[in-house]
Amino acid sequence: AQERSARAARLESLGQLAGGIAHDFNNLLAIILNHADFLAEEVSGQAAEDVTRIRGAADRAKALTGQLLVFAKREPTRVEILDLNRVVAEAGELLERTIGENIRLVCHPGPGCMPVRANRGRLDQILLNLVINARDAMPDGGVVVVETDWLNLDERSSSGLPPGRYVRLTVSDTGTGMTAEVRDRLFEPFFTTKPPDRGTGLGLATVYGIVDEAGGTIGVESAPGCGTTFRILLPSAATAETAGHDPAAGPAPGHG
Ligand code: ADP
């Protein structure tokens, strides 16, 4: 648990640093984009094409700083009670398209409705990031399994989470796996082993930020040649406070 909290503290300070930079950078990008728009009205021909390129690059940069802000938990979002099983089922088609043809996607939803207090877009982001990484780790094909189930934690649990009922999301792949060095750093922003045109190193940093903000934890099990399993625990929203609330009926009296 001590190791976990040292790591959490390191990620926390990285988050503050990254969040500060991303915030200032976002403001500068807004100025660049604004002036590119003005310029686009004033020029034509080759110059207009150049302005379009500037715009394109600035837009991509904005997407990156946006992800950093998620990692740093500086972007407020609307939180509602959602059935994780339903979110997984509805993301299925997008995930299928993402993984391509030589990879099989298998979903094992746990029993019943699994209510969590979260933001819809952020849950999709978690699934997408984990599945993209699984795909990238299986260049010759393989299987990705997405699973949900219930978990009860008591006081003696070493997870660092308060006791209670949790929903667990597991994403595993039969890919290359990773070394201990990679495993140790994979939640750090900008840590990537992929070529620059494939990886930003922000995927798992973003996932970490989302899970942490939702009061959960994420763990990973992986070894070279043995595939990888990510396990995410999110507090179940099926508490006394929300009893009787139908998650399908819309937003709950949440925070955020
Ligand atoms: P990116 O995908 O842009 O590199 P991430 O933060 O999502 O950034 O991942 C960081 C690194 O963690 C990856 O570059 C890769 O080395 C490693 N990694 C993540 N998921 C997996 C996986 N399922 N199998 C093997 N390695 C992985």
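What follows draws every value from the coordinates through simple rules; no lab data is involved. All of these numbers come straight from a predicted model, not from anything done at the bench. Heads up, the Cβs are rebuilt from the backbone with ideal geometry, glycines too, and the neighbour counts pull from every protein chain shown.
Nearest 0.05, what FRET efficiency do Ser5 and Gln46 give at R0 = 41 Å with Cβ-Cβ as r?
My answer for the efficiency is 0.15.
With r as the distance between the Cβ atoms of Asn102 and Ala63 and R0 = 22 Å, compute the FRET efficiency 1/(1 + (r/R0)^6) and round to 0.05.
0.20
Work out, step by step, the length gained on full extension between Arg78 and Arg198: first 0.36 nm times the residue separation, then minus their alpha carbon distance; give nm to one decimal.
Working it through step by step, the gained length comes to 40.2 nm.
Tell me the angle of helix 46-71 to the major Cα principal axis of the chain, expressed in degrees between 0 and 90 and rounded to the nearest ten.
Approximately 20 degrees, to the nearest 10.
Which whole-number value in Å³ per residue fits the convex hull of the alpha carbons of segment 1-99?
190 Å³
Over all pairs of distinct alpha carbons, what does the Kirkwood formula give as the hydrodynamic radius of the chain, in Å?
19.9 Å
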